[in-house]
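Here's the structure we're looking at; comments come further down.
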Amino acid sequence: MGNVTHAKVVIIGSGPAGYTAAIYAARAMLQPILIQGIQPGGQLTITTDVENYPGYADVIQGPWLMEQMQKQAEHVGTRIVTDHVSKVDLSRRPFRLECDSGDRYLSDAVIIATGAQARWLELPSEQKFKGYGVSACATCDGFFYRGKEVLVIGGGNTAVEEALFLTNFASKVTVVHRRDHFRAERILQERLYKNPKISVIWNSVLQEVAGEENPLKVRRAILRNVKTDELTEHPADGIFIAIGHTPASELFTGQVEMKHSGYIKTAPYSTATSVPGVFAAGDVTDDIYRQAVTAAGQGCMAALESERFLAAHGEAEPAVAAE
């Protein structure tokens, strides 16, 4: 049996949303506890170059940015816990959280900032070149492919939107889809077909990513036709995997209201979930923007709303909190 700790606010997750929530909650004297999870720092820890985060004229590194956010959160009074929440009970206050270590937390308010993960094809070569020409975020990395040829893998809204966005930079965008028709919304398809920079390869999948070794750099893609099994090589300076994202919301299934896609629902212009005292921020609730800066903004909102909630409702009774 691990330790039992009572807190005014527990933040689950440690990406831009989690750390920003921690900074604002600590400055509000809420003495927050942030539980980092299995990937401290979130998706930015696997993002090499970050060029669109406000305040930095030069390119910065994703892991470095997360280190700075963590240091700031700790500096203003956040308690950072290296653990993973494995079970939650949001049916009553104080909310109950159990971690892999056996430690338990009772919290008067909870901020969910568990993020989301881009879906990958799980090819060995894809993983090898991840961050070196293979990306899952055109908005993040499209700028680096100005005047170059890129491939987009996928056929849903994500793939078509990424392809359209990449035409702002790339000289040529080729969409590779395993079927002979798109699943994307009709209006998006029409925009894609009208764009002279975009071509489509149907009935094909990415078989392998190939390129230079030292330093690692994508140069071409090997595609396989799903009907004939024929392999073909295509030049590519970048390959964008656009088969969707999966929110890390499984822990809260059946406890907070979610969209069909698994993203946590929040009230309009708010981070409040369907459970009073539970707030959600960042990619676990955002299926539209999915940017570090918007996640940080939502983290700020969640902390401010937590403060207002606690001010209106007070803390848990001492007898209950001591359980």
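Structure values in brief
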{"read-out": "Counted residues, the range 16-33 - those being open to solvent by 10 Å² or more (accessible area, probe 1.4 Å) and under 16 Å from the mean Cα position of the chain (by Cα)", "value": "2"}
{"read-out": "Subset of the range 45-69 (residues that are in contact (Cβ under 8 Å) with a residue 12 or more places away in the chain, open to solvent by 20 Å² or more (accessible area, probe 1.4 Å) and either assigned to a helix (DSSP H, G or I) or of a type in the set (Gly, Ala, Ser) (or both))", "value": "Thr45, Ile46, Pro63, Glu67"}
{"read-out": "Filter pass, Gly102 being under 30 Å from Gly2 (Cβ atoms) and either in a loop (DSSP other than H, G, I, E, B) or among the aromatic types (Phe, Trp, Tyr) (or both)", "value": "yes"}
{"read-out": "Residues of the range 8-36 classified as out of contact with any Lys or Arg (no Cβ under 8 Å at 6 or more places or on another chain), over 15 Å from Gly282 (Cα atoms) and not in a helix (DSSP H, G or I), total", "value": "6"}
{"read-out": "Which numbered condition Asp180 misses (of (1) modelled with pLDDT under 95; (2) open to solvent by 50 Å² or more (accessible area, probe 1.4 Å))", "value": "(1)"}
{"read-out": "Complete set of residues in the range 284-297 that are at pLDDT below 95 and buried (at least 24 other Cβ atoms within 10 Å of the Cβ)", "value": "Ala292"}
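Residue-wise test of (1) part of a helix (DSSP H, G or I); (2) over 26 Å from Arg191 (Cβ atoms); (3) open to solvent by less than 10 Å² (accessible area, probe 1.4 Å).
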site	(1), (2), (3)
Glu74	yes, yes, no
Val88	no, yes, no
Ser107	no, yes, yes
Thr114	no, yes, no
Thr158	yes, no, no
Ala163	yes, no, yes
Thr174	no, no, no
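The values are calculated or read from the model by the stated rules, or taken from the named source; none is laboratory data. All figures in this text were calculated on a predicted structure; none of them were measured in a lab. Cβ atoms come from the backbone with ideal geometry, glycine included; neighbour counts cover every protein chain shown. In case anyone asks, the SASA skips ligands and DNA or RNA and just uses the protein heavy atoms, side chains included. Shrake-Rupley method; radii C 1.70, N 1.55, O 1.52, S 1.80 Å.
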